[in-house]
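Colleague: Here it is: the structure, laid out below.
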Amino acid sequence: NEGTIEMWVAPRADGSDSVYAQRDHYLFHYAAPNGDYISIAQSRSAGVVYAGGRTAGQWQSAWGGSALMRSWRAGEWHHLAYSFSAAQNRMRFYLDGVLTADTNERRYVPPASTGDRFSLGGNLSGAVADYLIDEVRIWNRQLEAAEIRAQADRLEAPRDNELWLSLES
């Protein structure tokens, strides 16, 4: 119902490469058995990174044109953050600590919590994103804009009680 998902991402090729226009690239994907889903993705047609999904058959998103990735260079790191709150009825998306989208459809309804898996670096169907992903953090609260800016600017080592998981198989 409330939280923030943040991560550092870098394209494997330049953002203008045709690989990013061939299909959507899912960086985070959660799907419930009833068909509800939410994701952080890069749109093949627009080249925008965003958060969005379907709940109860209705699309909802935090999508904005200022999150365009076509000018990114291969290996260039960017901080993404998706914050959401059912109580505040909003979902927000940040790129490099800057708010790029805020509750496009003027609602946030959380997806069903009955799913038992989520995916990083691709969707649950196995389509792999052409991105490097690092330092993923999943918070149980909606971070404020200043906190997200601070996380995007962060250079220090991991803090006490932060859990870092290997992404190797």
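The values are calculated or read from the model by the stated rules, or taken from the named source; none is laboratory data. Note that the structure is predicted; figures quoted are calculated from it, not measured. With ideal geometry, Cβ positions are generated from the backbone for all residues, glycine too; neighbour counts draw on all protein chains shown. Surface areas here come from the heavy atoms of the whole protein model, side chains and all, with no ligands, DNA or RNA. Shrake-Rupley method; radii C 1.70, N 1.55, O 1.52, S 1.80 Å.
Colleague: Computed from the coordinates I sent, Cα Rg over 2.2 N^0.38 Å equals one of (i) 1.57; (ii) 0.89; (iii) 0.97. Tell me the label.
Modeller: (iii)
Colleague: Related question: I need the chymotrypsin sites (Phe, Trp or Tyr not before Pro) found in the stretch 70-113, filtered to DSSP loop residues with at most 16 other beta carbons within 10 Å of theirs.
Modeller: Answer in residue order: Trp77.
Colleague: Quick one: give the max-minus-min coordinate of the C-alpha atoms of the stretch 1-53 along each principal axis, largest first, in Å.
Modeller: 35, 23, 15
Colleague: Also: How high is the relative contact order of the stretch 1-100? Use alpha-carbon pairs under 8 Å, at least six apart in sequence, and give a whole percent.
Modeller: Relative CO of the stretch 1-100 lands at 32 percent.
Colleague: Expected output is a single nm value to one decimal: the length gained when fully extending between Trp77 and Val19, i.e. 0.36 nm times separation in residues minus the C-alpha distance. What is it?
Modeller: Value of the extension gain: 19.1 nm.
Colleague: Given H placed on each backbone N at 1.01 Å, which residues far from Gln142 in sequence or on other chains put an amide H within less than 5 Å of it?
Modeller: Close amide H contacts, sequence-distant or interchain: Gly3.
Colleague: Continuing with this model, one more query. For labels at Ala127 and Asn34 in the simple 7 Å Cα→Cβ model, what's the distance in nm?
Modeller: 2.5
Colleague: How large, in percent, is the carbon and sulfur part of the accessible surface of the chain at a probe radius of 1.4 Å?
Modeller: C and S atoms contribute 48 percent here.
Colleague: Looking at the square roots a ≥ b ≥ c of the eigenvalues of the Cα gyration tensor of the stretch 59-125, which shape do they give, rounded for a/c under 1.5, prolate if a/b is larger than b/c, or oblate?
Modeller: Because a/c hits 1.5 or more and a/b fails to exceed b/c, the stretch 59-125 counts as oblate.
Colleague: Can you give me the accessible area per residue for the chain, using a 1.4 Å probe, in Å²?
Modeller: Roughly 52 Å² per residue, with all protein chains present.
Colleague: I would also like to ask the following. Amide H neighbours of Leu132 under 5 Å, counting only residues 5+ apart in sequence or on other chains, H built in-plane at 1.01 Å?
Modeller: Those lying under 5 Å, H to H, from Leu132 are Ala10, Arg12.
Colleague: Residue-wise, which Karplus ³J(HN,Hα) couplings in Hz belong to the stretch 122-139, taking 6.51 cos²θ - 1.76 cosθ + 1.60, θ = phi - 60°, and x for glycine or proline?
Modeller: x, 8, 6, 8, x, 6, 7, 6, 8, 9, 8, 10, 8, 6, 7, 10, 10, 9
Colleague: HN-Hα J couplings of the stretch 41-57 from phi, Karplus 6.51/-1.76/1.60, θ = phi - 60°, integer Hz, Gly and Pro as x?
Modeller: 8, 10, 6, 5, 6, 9, x, 9, 8, 7, 10, x, x, 10, 9, 6, x
Colleague: Something else about it: Packing-wise, with mean Cβ within 10 Å as the measure, how do 45-54, 62-71 rank, highest first?
Modeller: Ranking the peptides 45-54, 62-71 by packing returns 45-54, 62-71.
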